[in-house]
Amino acid sequence: MSKALLIIDFQNDFTSGGALEVPEGDEIAEPVKRLAKEFDYVFATRDWHPTDHSSFETEGGPWPVHCVQGTHGAELHPAMRDIEVEEIVDVGAEREDQGYSGFEKSKLADLLRERDVDEVAVVGLATDYCVRASAIDAAREGFDTSVVTDAIRAVDVNPGDGERALEDMREAGANLVTSDSLVRAGG
């Protein structure tokens, strides 16, 4: 069996100066890069929205326009250039697909199973939305799931959303760990 790092939506629009900036989102770069070397496989998810995505304020949704297919904002964060990614999985690619989870209408579970992955560690943005949904779905899919608390950041639209998301992930069966503890344990 093998281990995979799941890097959730570490994209320009979710980091400094982006359309939907996650506070301190850029700060996950260092632990993510360190962790990537410790895993058999690294997968990245990417919000990949059409211009008329239903989540956009312009379409009656709650979010500013972000991660539009083919734009700079939808590209992976520059720190990802130093990481060897097995495959990028696009989510939220259809108008009505919310795409919070990296497993939603994607081939991520199949890609992991094809490589005999039984353990995943989840990092990325944002704790209270896509990280939360992806970690919960990873646990539901039967993967031994860890969430790396120093390699995630929350939007916290409502104060405490990030903390509530951590509790939701824990209740779903995910372990909360630090990057240092994973590196010491060898991934």
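The values are calculated or read from the model by the stated rules, or taken from the named source; none is laboratory data. What you are looking at is a predicted structure, and each value in this text was computed from that prediction instead of being measured. Here the Cβ positions follow ideal geometry from the backbone for every residue, glycine too, while neighbour counts run over all protein chains shown. Please note that ligands, DNA and RNA were not included when accessible areas were found on the heavy atoms of the full protein model with its side chains. Shrake-Rupley method; radii C 1.70, N 1.55, O 1.52, S 1.80 Å.
Dipole check for the chain: with +1 at the C-beta of Lys and Arg, -1 at the C-beta of Asp and Glu, and the Cα centre as origin, the magnitude is about 360 Debye. When Rg and Dmax are taken over the Cα atoms of the chain, they come to 15.0, 46 Å. The mean accessible area for residues of the chain, using a 1.4 Å probe and ignoring ligands and nucleic acids, is 44 Å² per residue.
How many percent of the accessible area of segment 83-154 is carbon or sulfur, using a 1.4 Å probe? Carbon and sulfur atoms account for 38 percent of the accessible area of segment 83-154. With no solvent and one equal point scatterer placed on each C-alpha of segment 1-104, evaluate the Debye formula and give log10 I(q)/I(0) for q = 0.22, 0.23 Å⁻¹, two decimals. Those come out to -1.15, -1.23, one per q. The simple spin-label model puts a point 7 Å past each Cα toward its Cβ; for LYS37 and GLU57 those points are separated by 4.2 nm. Once both labels are positioned 7 Å from their Cα atoms along Cα-to-Cβ, the gap between LYS107 and GLN69 label points is 1.6 nm. Close amide H pairs (under 5 Å, H built 1.01 Å from N) link ARG153 with GLY124, THR127, residues at least 5 positions away or on another chain. The packing ranking of peptides 29-35, 100-106, 125-131, highest mean first, is 125-131, 100-106, 29-35, where packing means the average number of other beta carbon atoms within 10 angstrom of each residue. Of all aspartates and glutamates in the structure, the ones whose alpha carbon falls short of 14 Å from that of LYS3, not counting any fewer than 8 places away in one chain, are GLU38, ASP40, GLU86, GLU114, ASP116, ASP118, GLU119, ASP144. Between segment 152-167 and segment 41-109, the C-alpha centres lie 20 angstrom from each other. For a modelled paramagnetic label at GLU27, 7 Å from Cα along Cα-to-Cβ, the residues of segment 154-187 in reach, with backbone nitrogen under 13 Å, are 154-155.
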